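Step one of this worksheet: look at the structure below.
The values are calculated or read from the model by the stated rules, or taken from the named source; none is laboratory data. The model shown is predicted, which means the values in this text are computed figures rather than measured ones. Quick reminder, even Gly has a Cβ in these numbers, built from the backbone with ideal geometry, and neighbours come from all protein chains shown. To get the accessible areas, we keep the full protein, side chains included, count just its heavy atoms, and leave off ligands, DNA and RNA. Shrake-Rupley method; radii C 1.70, N 1.55, O 1.52, S 1.80 Å.
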Amino acid sequence: MKLKLTIGKKGDRMMYKIDLGKSGMCVPTVAVGCMRISNMSEKEVSSFIDTALQNGADFFDHADIYGGGMSETVFGKALAPSMRDNIFIQTKCGIRKGMFDFSYEHIINSVNGSLERLSTDYIDVLLLHRPDALMEPEEVARAFDELKTSGKVRHFGVSNQNPYQMQLLQSALDMPLCVNQLQFSVMHAPMIQSGINVNMYNDSAVNRDGGVLDYCRLNKITIQPWSPMQYGFFEGCFIDDEKFPELNKTLEAVGDKYGVSKTTVAFAWILRHPAKMQPVTGTTNLARLADCIKASEIQMTREEWYEIYRAAGNVLP
Ligand SMILES: NC(=O)c1ccc[n+]([C@@H]2O[C@H](COP(=O)([O-])OP(=O)(O)OC[C@H]3O[C@@H](n4cnc5c(N)ncnc54)[C@H](OP(=O)(O)O)[C@@H]3O)[C@@H](O)[C@H]2O)c1
């Protein structure tokens, strides 16, 4: 797997970078998630941003709904205006209470709200958060065109979509979809399981996503794994959870070999996949944040990758 090694913009630390889809942007291999920062003080968020930047991670993931808008607000206050052009900000829209909404009005209003809360006049990447069953591709295209032309949004993508949903939307767009953000971790890997168990009768063979992993690779769309440390749907972090003794033992053994923590190994497992995914951290703990980002420096072997996959309870056919 070839990744570029570049000096972080602040010159703080070497950081591996990837091309974000067909956007032309070269971004860190690990993105920094801001879903859980809404209750932090401005000072704490400032330290959070500094820690990320000192470790070379300058790509931040938001959504209009995180903390009811508070995640964007506190981030916007904590970020020095002079730093805006040194970082990437991604945010999302499309989730409303009790419904999903890809209407022109909702997309435009949501972006305007995010710009205000983030204290910025542009967003680097805008994602549609979850599929809206009532999506009209031409209506989304009208909103995207306007946002692009006005300079409010530079690049676009989706989240939690399957290949046909992406293709349908893409058919109406003038710009490429660069990102699909999807749940993925060593304990949530149906995209891998169905690929390994093609044509088998077991549960792992069930194709739940329409082959989105290969679709994204074929079309140069970056997959951004969300909840990279969780099992289930926000059930908890699998690290040090006694329900997963074999996984923790294996993560520890691989970590000992490289001199890193289990957290770093769990991230490195995602990065080892040749799709060049960009996992999104979720921690608000500064030491753990540094551990997640450090995974960019580890290149685990094929044997270790499969050992961790099996230790997570997966059986090879
Ligand atoms: N597109 C979507 O639909 C979608 C959905 C969910 C999330 N997201 C994005 O993905 C990001 C990550 O999601 P997530 O927050 O669920 O990620 P995560 O990294 O899987 O989970 C983070 C949570 O696990 C805890 N944790 C405990 N031990 C940990 C360890 N050793 N290492 C790391 N975390 C540990 C963290 O607590 P501490 O803070 O105490 O470390 C935090 O509460 C979000 O910030 C958001 O940007 C997107």
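Structure notes:
- In the condition set (1) closer than 30 Å to Y164 by Cβ; (2) open to solvent by 50 Å² or more (accessible area, probe 1.4 Å); (3) hydrophobic (A, V, I, L, M, F, W, C), M277 is compliant with all but (2).
- The set of residues in the range 245-278 that are part of a loop (DSSP other than H, G, I, E, B) and within 24 Å of the chain's Cα centre (by Cα) comprises V260, S261, R272, H273, P274, A275, K276, M277, Q278.
- Contact annotation: residue pairs with Cβ atoms under 7 Å, 6 or more positions apart or on different chains, pairing a residue in the range 111-136 that is more than 11 Å from G76 (Cβ to Cβ) with a partner that is small (G, A, S) and open to solvent by 30 Å² or more (accessible area, probe 1.4 Å), are Y122/G151.
- Any hit, the range 79-88, residues being in contact (Cβ under 8 Å) with a residue 12 or more places away in the chain, within 14 Å of the ligand (Cβ to nearest atom), outside any strand (DSSP E or B) and out of contact with any His (no Cβ under 8 Å at 6 or more places or on another chain): no
- Considering residues of the range 143-164 that are assigned to a loop (DSSP other than H, G, I, E, B) and under 25 Å from V212 (Cβ atoms) only, the residue most open to solvent (accessible area, probe 1.4 Å): N162
- Any hit, the range 24-43, residues being farther than 25 Å from F234 by Cβ, away from the ligand (no atom under 15 Å from the Cβ), open to solvent by 10 Å² or more (accessible area, probe 1.4 Å) and assigned to a helix (DSSP H, G or I): yes
- Scanning the range 224-246 turns up no residue that is out of contact with any strand residue (DSSP E or B) (no Cβ under 9 Å at 6 or more places or on another chain), open to solvent by 20 Å² or more (accessible area, probe 1.4 Å) and within 27 Å of C26 (Cα to Cα).
- The range 217-251: number of residues that are more than 12 Å from the ligand (Cβ to nearest atom), more than 26 Å from V125 (Cβ to Cβ) and not hydroxyl-bearing (S, T, Y): 7
- Close pairs (6 angstrom Cβ cut-off, 6 or more residues apart or separate chains): over 16 Å from T281 (Cβ atoms) in the range 59-75, within 11 Å of the ligand (Cβ to nearest atom) anywhere: I65/I95; G67/S38; M70/S38; E72/H62
- All conditions but one from (1) within 16 Å of the ligand (Cβ to nearest atom); (2) part of a strand (DSSP E or B) apply to I18; the one that does not is (1).
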